[in-house]
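The values are calculated or read from the model by the stated rules, or taken from the named source; none is laboratory data. Note that this is a predicted model, so its numbers are computed, not measured. Every residue, glycine as well, gets a Cβ built from its backbone with ideal geometry; the counts of neighbours run over all protein chains shown.
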Amino acid sequence: MRLANIDSFKLRLITRKDIKFLRKLRNENREFFLESNYISVKGQEEWFERYKNKSDDYMFILQRGNLKIGVGAIYNIDRQKKRAELGRFIIAKSLQNHGYGKILIKKMEELCFKQFGVKIFYLTVLANNAKAINLYKNAGFREQKKIIVGQKAVMCLIKRKL
């Protein structure tokens, strides 16, 4: 499959107007997260209030024109060690399997490198999420270790930018 021109996509920080979209994505894909409880309207609003006060956690919407495609986040940014965690990736169900996850990761890596000088990216994924693991490995991430968090097996992956 040929990907669309990556320059036609943009990342933008989430705003309060995105809460409904975020909640829909998260609830539709909650089985792929450590915290898999259903998120209520009030719960999402409370999360957003906490999120907007953080100084090292940035959540983005991937868009093409007015179409919201998905979300992802950069957090636990360590400028001294030039590393950051990527995660909370979700592509809208109706838009999955079209290469948008690959575009989202690439755009977020570029932004991380340009804005924060990050050269080491790491992420965690549920070990049974084969689709996401395949995406990350195809994007250059390598398995570092497997751990148990609560009752769930988690894979830790890392990527170093040359």
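Applying a threshold of 6 Å to beta carbon distances and a minimum spacing of six or more residues, or different chains, the list of pairs starting in region 51-76 at a residue that is touching a residue at least 60 places away in the same chain (Cβ under 8 Å) and ending at one that is among the hydroxyl-bearing types (Ser, Thr, Tyr) reads Arg64/Ser8; Ile69/Tyr100.
A residue that is in contact with a strand residue (DSSP E or B) (Cβ under 7 Å, 6 or more places away or on another chain), outside any helix (DSSP H, G or I) and at pLDDT 95 or above cannot be found anywhere in region 17-27.
Scanning region 28-45 for residues that are over 16 Å from the mean Cα position of the chain (by Cα) and in a helix (DSSP H, G or I) turns up Val41, Lys42, Gly43, Gln44, Glu45.
Sub-6 Å Cβ pairs linking a first residue in region 29-48 that is closer than 22 Å to Ala153 by Cα to a second residue that is in a loop (DSSP other than H, G, I, E, B), at least 6 apart or interchain, are Arg30/Ser36; Phe32/Asn129, ordered by first then second residue. Selection of first residues in region 97-108 that are more than 15 Å from Asp7 (Cβ to Cβ) and of second residues that are at pLDDT below 95 and surrounded by fewer than 22 Cβ atoms within 10 Å (Cβ to Cβ), restricted to Cβ pairs under 8 Å at least 6 apart or on distinct chains, gives the following pairs, ordered by first then second residue: His98/Met1. Of all residues in region 34-45, those being among the hydrophobic types (A, V, I, L, M, F, W, C) and surrounded by 16 or more Cβ atoms within 10 Å (Cβ to Cβ) number 1.
Residues that are of a type in the set (Gly, Ala, Ser) and under 15 Å from the mean Cα position of the chain (by Cα) within region 70-102 comprise Gly70, Gly72, Ala73, Ala84, Gly87, Ala92, Gly99, Gly101, listed in sequence order.
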